[in-house]
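One structure below.
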Amino acid sequence: MSNDHFETKLVLAGRRPVKSHGYVNPKLVRGSTVLYPSCADRREIGKRRLEQEEIYGLYGSETHFALEAVVSEIEGGTHCQIVSSGLAAITVPLLAFLKSGDHVLIPDSVYGPTRRFCDTVLVRYGVTTTYYDPMVIEPALRALIAPETKVIFAESPGSHSFEVQDVPMLSRVAHAHGAKLFMDNTWGICTFQPFRHGVDVSIQALTKYIGGHSDIVLGAITVATEQDWAWLRTGALDLGQYASPDDCWLALRGARTLNVRLDQQAANALTIARWLADRPEVQRVLHPALPSCPGHEFWKRDFTGACGLFGIVLNPTFDYGAVTAMVDSLRLFGIGASWGGYESLALPTSFTISRSEGTGSFGGEMLRLQIGLEHVNDLIADLEAGLSVLRGQAHITCSSPPCMAGELEDRRGVEQAQ
């Protein structure tokens with residue numbers, strides 16, 4: 001199967017041979033207790049926790065193992081651990097690989113809950129975090145490395161602001177200092193091959209494109225080496241991480257059509273991004289495939305395509321109140337914090353962004369768009385009507401969202417959940 005094209009691998013991965021007698025799809029296996037023929041068998045199989053063995057429900061079933069095989073195929077890795085959510089896919093390897101006294105480098109553009117985990121949970125366990133500019137150059141990154149630095153984390157493109165990072169450079173610096181490179185690769189799901197570019201641990205929110213239908217919550221962590229697998233698998237089991245087999249079965253179903261859905265959504269998104277780039281209301285389009293996006297040169301060098309998620313920066317004429325009026329007026333775009341499903345979404349993001357390294361000023365209110373499978377002309381017509389509403393609100397002045405400070409913090413927590 002190694003010589004097959006990617007589309008063919010998506011169809012075949014995690015399945016029995018095509019001509020075997022039986023159903024096309026892997027079985028949905030629910031269960032906690034696994035029975036053994038004898039005590040000797042139980043003792044022998046129980047030793048193989050690192051292998052895909054049906055030992056106990058928590059360790060995975062045929063359904064889990066099939067999905068792990070599919071994700072490994074997509075990522076180009078050797079082993080995959082399915083976990084309960086995209087956030088768990090971030091926190092589990094951090095806890096598995098780090099210990100008290102260690103230091104981790106995190107990009108300042110990172111997904112909000114990742115930052116919150118570092119600032120609350122990791123700090124309680126004696127792990128220190130330094131945030132770095134996602135567009136950092138190599139000498140500046142090397143200056144941030146300490147003897148205790150064990151992990152450099154990447155998220156490329158960055159959450160909400162879409163900076164594309166120089167992953168090979170990050171890998172070079174990490175490995176030169178004996179550190180691991182982790183990467184949240186959810187945006188680049190099958191257009192960026194992490195292990196070819198030096199990533200050690202690749203993270204996916206299967207909730208997004210692999211699920212594809214906005215009806216599951218699931219995560220995956222993939223590695224390429226046996227040593228990293230031992231650390232990851234042991235850490236996941238010790239933390240009691242488990243994913244519903246029903247969600248795994250739905251993710252398997254979604255994976256079979258991933259390529260055609262992603263191609264269409266990416267094409268729709270690029271068409272809309274180019275249209276928005278010519279609109280007078282828009283200051284800048286944050287789509288990695290366009291030169292206006294920070295790190296576009298790295299996307300062009302390292303990625304084979306894009307997806308349906310990107311951002312825009314509006315002209316400073318328009319404040320938060322005007323942006324929300326526009327979003328509220330849209331007919332085809334839902335207001336939701338996730339992405340990767342079949343439906344289009346629009347989300348104001350300026351007040352959800354936390355920065356500490358000087359990358360927090362974008363020159364205007366920001367809007368994130370998830371482009372779905374609707375006809376692209378219908379989506380453009382909806383956005384055009386929304387921009388008309390935006391222009392009509394330009395005289396309104398509002399320096400912050402219409403809520404009290406405490407409410408703002410509550411809303412930020414919800415919005416940062418992607």
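The values are calculated or read from the model by the stated rules, or taken from the named source; none is laboratory data. Every value quoted in this text rests on a predicted model; they were computed, and no experiment measured them. Note: ideal-geometry Cβ built from the backbone for every residue, glycine included; neighbour counts use all protein chains shown.
Side notes on the structure shown:
- A single member of V323, V327 is over 30 Å from C190 (Cβ atoms) and touching a residue at least 40 places away in the same chain (Cβ under 8 Å), and it is V323.
- Candidates G340, G308: the one that is at pLDDT 95 or above and either within 30 Å of G60 (Cα to Cα) or among the acidic types (D, E) (or both) is G340.
- Condition check for R43: over 24 Å from C80 (Cα atoms) and either at pLDDT 85 or above or among the charged types (D, E, K, R) (or both): yes
- Taken over the stretch 18-40, the criterion of being modelled with pLDDT under 85 and farther than 21 Å from P245 by Cβ is satisfied by V18, K19, S20, H21.
- Annotation note: of I189, I203, I210, the sole residue that is buried (at least 17 other Cβ atoms within 10 Å of the Cβ), at pLDDT below 95 and outside any helix (DSSP H, G or I) is I189.
- The lone exception for H160 - which of (1) without any contact (Cβ under 8 Å) to a residue 40 or more places away in the chain; (2) more than 26 Å from T78 (Cα to Cα); (3) not acidic (D, E) it fails: (1)
- Residue satisfying condition, being of a type in the set (D, E) and either surrounded by 21 or more Cβ atoms within 10 Å (Cβ to Cβ) or not assigned by TED's automatic domain parsing to the domain that holds P26 (or both), within set D228, D246: D228
- Residue within the stretch 99-109 that is buried (at least 22 other Cβ atoms within 10 Å of the Cβ) and part of a loop (DSSP other than H, G, I, E, B) present: yes
- Considering residues of the stretch 290-320 that are of a type in the set (G, A, S) and closer than 11 Å to E163 by Cα only, the residue nearest to the chain's Cα centre (by Cα): G311
- Cβ pairs under 6 Å, 6+ apart, first in the stretch 278-293 and at positive phi and touching a residue at least 24 places away in the same chain (Cβ under 8 Å), second surrounded by 20 or more Cβ atoms within 10 Å (Cβ to Cβ) and in a loop (DSSP other than H, G, I, E, B): none
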